[in-house]
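Student: This is the structure, below, for whatever I ask next.
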Amino acid sequence: MARVLITGGAGFLGSHLCDRFIDDGHEVICIDNLITGTCDNIAHLFGNPKFKFIRHDVTEYLYVAGPLHYILHFASPASPIDYLELPIQTLKVGAMGTHKVLGLAKDKGARFLLASTSEVYGDPLIHPQPESYWGNVNPIGPRGVYDEAKRFAEALVMAYHRVHKMDTRIARIFNTYGPRMRPYDGRVVSNFITQALKGEPMTVYGDGSQTRSFCYVDDLIEAITRLLFSKETEPVNLGNPNEMSVLELATLVRELVKGTCGIEVQPLPVDDPKVRQPDISRARTILGWEPKVALREGLARTIEYFRGKA
Ligand code: UDP
């Protein structure tokens, strides 16, 4: 059984990864500074002898005693409102945090997996987005802090892979939703569900014609696990290609919640990508992976989780 370090392990995806590796019989060390993560997501793991939580900011010097076999670097603000509020922390964790965690992986001889993002493609001019696309990112816009931090992180991982011959993986994660998203994290799925459950108008930014493709968290966690245990060192897109407009999503959420709420139009955020859909041909071929959970099913499960929180 392996010893696995998960940075950002108290966050949405990080906490599901902690569960997955514990369930698979591994020992998990979770590091989080809790600026966007919460111990609520990992409370059920406290007391498990195979689980350890360390509250720490990975941009600071980092040392973990004992062997480490795998490191999954998920620490970062990841919702647009979070990285707009925390621009410097976002840049620091993508740059200095990734550097520190790579250094630890090198010292331990651990395999390293970076949580990268579809934001590396920016407001894409190629659609759907294959991994070979270099992107269309505004480096000085408000979103650029996240996009460029992750692009730098990818560059650093590849440099460590080439120079130090480190065993590395890069997951380009597209929009993912499910239980443990924060009700007020500002993302479209959590906003719409929270608003619909409260009978408040759903806030559609712009005319709602911009598109996204939503992947249920269980599918994503399976893909991350497969990528980690594959031999693939080039970036791999992970997401669900089922694309829809934001307005279509609003209508579907309202139907599933059986709500009657209206829609409130708000300004489109600066540099908000107009379209997004992953080309997952590589994930299909290399990982033998395919998302399985239909949007209606995934949203129903997510709505149940949010009802419990309301
Ligand atoms: N969005 C929206 N209303 C909201 C939150 C988001 O219309 O209350 C839009 C946002 O402008 C974007 C899409 O939904 O076009 C997805 O936004 P999200 O913040 O979930 O993630 P992104 O894909 O932009 O990183």
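The values are calculated or read from the model by the stated rules, or taken from the named source; none is laboratory data. Computed from a prediction, not measured in an experiment: that's the story for all the values here. Note that we place each Cβ from the backbone using ideal geometry, even for glycine, and neighbour counts take in every protein chain shown. Only protein heavy atoms, including side chains, enter the accessible area calculation; ligands, DNA and RNA are left aside. Shrake-Rupley method; radii C 1.70, N 1.55, O 1.52, S 1.80 Å.
Student: Can you tell me which condition ALA223 does not meet? The list is (1) away from the ligand (no atom under 14 Å from the Cβ); (2) part of a loop (DSSP other than H, G, I, E, B); (3) at pLDDT 95 or above, and all the others hold.
Tutor: Exception for ALA223: condition (2).
Student: Same structure again: How many residues are within 14 Å of the ligand (Cβ to nearest atom), under 30 Å from LEU287 (Cα atoms), surrounded by fewer than 17 Cβ atoms within 10 Å (Cβ to Cβ) and among the small types (Gly, Ala, Ser) when one looks only at the stretch 229-263?
Tutor: Result for the stretch 229-263: 1.
Student: Out of LEU114, LEU104, LEU156, report the one residue that is surrounded by 15 or more Cβ atoms within 10 Å (Cβ to Cβ) and under 18 Å from the mean Cα position of the chain (by Cα).
Tutor: Going through LEU114, LEU104, LEU156 in turn, just one is surrounded by 15 or more Cβ atoms within 10 Å (Cβ to Cβ) and under 18 Å from the mean Cα position of the chain (by Cα): LEU114.
Student: Among the listed residues ARG169, ARG212, identify the single one that is assigned to a strand (DSSP E or B) and more than 16 Å from the ligand (Cβ to nearest atom).
Tutor: ARG169
Student: Going through LYS274, LYS292 one at a time, which residue ends up being within 12 Å of the ligand (Cβ to nearest atom), open to solvent by 60 Å² or more (accessible area, probe 1.4 Å) and either out of contact with any strand residue (DSSP E or B) (no Cβ under 6 Å at 6 or more places or on another chain) or assigned to a loop (DSSP other than H, G, I, E, B) (or both)?
Tutor: Just one listed residue meets the conditions, LYS274.
Student: Does ARG182 fit the bill of being under 16 Å from the mean Cα position of the chain (by Cα) and charged (D, E, K, R)?
Tutor: Values: under 16 Å from the mean Cα position of the chain (by Cα): yes; charged (D, E, K, R): yes.
In short, yes.
Student: Does GLU131 satisfy the condition of being in contact (Cβ under 8 Å) with a residue 60 or more places away in the chain, open to solvent by 10 Å² or more (accessible area, probe 1.4 Å) and more than 16 Å from the ligand (Cβ to nearest atom)?
Tutor: Details: in contact (Cβ under 8 Å) with a residue 60 or more places away in the chain: yes; open to solvent by 10 Å² or more (accessible area, probe 1.4 Å): yes; more than 16 Å from the ligand (Cβ to nearest atom): yes.
Yes.
Student: Being basic (Lys, Arg), open to solvent by 30 Å² or more (accessible area, probe 1.4 Å) and outside any loop (DSSP other than H, G, I, E, B): is that true of ARG162 here?
Tutor: yes
Student: From the list LEU68, LEU45, LEU34, exactly one residue is touching a strand residue (DSSP E or B) at 6+ places or on another chain (Cβ under 7 Å) and under 17 Å from ALA110 (Cβ atoms). Which is it?
Tutor: Unique residue meeting the criteria: LEU68.
Student: Residues to consider are PRO77, PRO87; find the one that is open to solvent by less than 20 Å² (accessible area, probe 1.4 Å) and either modelled with pLDDT under 95 or within 16 Å of the ligand (Cβ to nearest atom) (or both).
Tutor: Going through PRO77, PRO87 in turn, just one is open to solvent by less than 20 Å² (accessible area, probe 1.4 Å) and either modelled with pLDDT under 95 or within 16 Å of the ligand (Cβ to nearest atom) (or both): PRO77.
Student: Can I ask one more? How many residues are within 16 Å of SER79 (Cα to Cα) and part of a strand (DSSP E or B) if we restrict to the stretch 105-121?
Tutor: Going through the stretch 105-121 one residue at a time, the tally reaches 3.
Student: A follow-up question, please. Only one of (1) under 18 Å from the mean Cα position of the chain (by Cα); (2) more than 10 Å from the ligand (Cβ to nearest atom); (3) crowded, with 22+ Cβ neighbours inside 10 Å fails for ILE193. Which number is that?
Tutor: If we test ILE193 against (1) under 18 Å from the mean Cα position of the chain (by Cα); (2) more than 10 Å from the ligand (Cβ to nearest atom); (3) crowded, with 22+ Cβ neighbours inside 10 Å, just (1) comes out false.
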